[in-house]
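What follows is one structure encoded as structure tokens, with my remarks underneath.
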Amino acid sequence: MTDELVHYALADAVATITLDSPHNRNALSRQLVTELFERLERAGADPDVKVVLLRQEGRVFCSGADLSEATTVGMAEGARRIVELQRLIVTMDKPVVVRVSGAVRAGGIGIVAAAIISLTVHARMTPRAASLTTLGGETFSGTQAAAYGLVTTAVPGAQLDDAVATVCAQLATGAAQGLRESKRILNADLVRRIDAQGDEMAELSARLFASDAAREAMTAFLNRKK
């Protein structure tokens with residue numbers, strides 16, 4: 001498929017899933033989310049896969065919701081699918097490593113935290129950091145993300161590939177049963193949070209995206225990009 005937005009490759013027990021939608025900075029469009037689901041499920045069902053690596057092409061890991069779709073067809077279904085996507089990442093039997101080498105916004109941060117948005121992000125971050133970033137809305141660096149508890153570690157760009165390869169190789173030495181059961185134990189509280197609040201947060205997200213204020217802001221942003 002020449003027009004696919006999510007690529008899949010397998011080597012050394014690591015399934016690499018690559019977001020490649022440059023026209024909208026890897027936004028969570030219906031096509032990208034559908035393909036990402038398929039690739040994750042494929043990796044989950046393959047006994048040759050021990051570790052899943054999620055990465056991006058381009059300078060942006062993920063820019064969040066696809067605003068062009070949000071302004072035309074709404075976010076009701078999209079918000080539910082994003083919650084389901086986060087749950088899939090959290091509940092997969094195999095560890096998911098996320099390699100971030102560019103900007104991450106909104107729903108993209110939810111994917112990073114899982115490996116709507118507040119379901120996974122707030123569960124990972126310290127309460128003070130969650131309050132600061134949610135209410136303040138400022139950008140923050142990879143080093144700050146690690147300090148906030150959002151990511152495991154931050155390294156200089158030149159060292160990123162080596163660091164990711166080391167983590168994936170270490171995980172791939174584990175037994176499938178051990179990886180599966182350990183991940184279930186580690187994520188049990190987060191899964192309960194998603195199951196208890198997922199529908200409510202998806203409905204809230206859709207309602208906020210549909211508000212006049214949000215539509216005005218999204219339209220202005222999209223017009224600025226043209």
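Please give the net charge around PRO47, taking every other residue with its beta carbon less than 13 angstrom from that of PRO47, where Lys and Arg add +1 and Asp and Glu add -1. Here the count lands on +1. Database remark: amide H of LEU53 closer than 5 angstrom to the amide H of ALA15, THR16, ILE17, VAL97 (H placed geometrically; neighbours at sequence offset of 5 or more, or on other chains; Pro and chain starts carry no H). With each label modelled as a point 7 angstrom along the Cα→C-beta vector, the GLU84-ALA169 pair spans 3.8 nm. Modelled spin labels at ALA154 and LEU186, positioned 7 Å past Cα toward Cβ, are 2.1 nm from each other. Amide H to amide H distances under 5 Å link LEU28 with SER63, GLY64, ALA65, ASP66, where only residues 5 or more positions off or on other chains count and H is placed in the peptide plane. Gain on full extension, evaluated as 0.36 nm per residue between GLU41 and ARG105 minus their Cα-Cα distance, stands at 20.6 nm. Peptides 94-101, 37-44 ranked from most to least packed by the mean count of surrounding Cβ atoms within 10 Å: 94-101, 37-44.
First select every other residue whose beta carbon is under 15 angstrom from the beta carbon of ALA145; then total the charges, Lys and Arg +1, Asp and Glu -1. Spelling it out: positives minus negatives among the neighbours equals +3.
Using the Cβ atoms and a cut-off under 14 Å, what net charge is assigned to the surroundings of GLY58, where Lys and Arg are +1 and Asp and Glu are -1?
After counting each charged neighbour, the total is +3.
Using the Cβ-Cβ distance between THR91 and ASP12 with R0 = 25 Å, the FRET efficiency computed as 1/(1 + (r/R0)^6) comes to roughly 0.55.
The numbers here are math on the coordinates, done by the rules we state, and not lab data. Just so it is clear, the model here is predicted, and its values are computed rather than measured. All Cβ positions, even for glycine, are placed from backbone atoms using ideal geometry, and neighbour counts span all protein chains on display.
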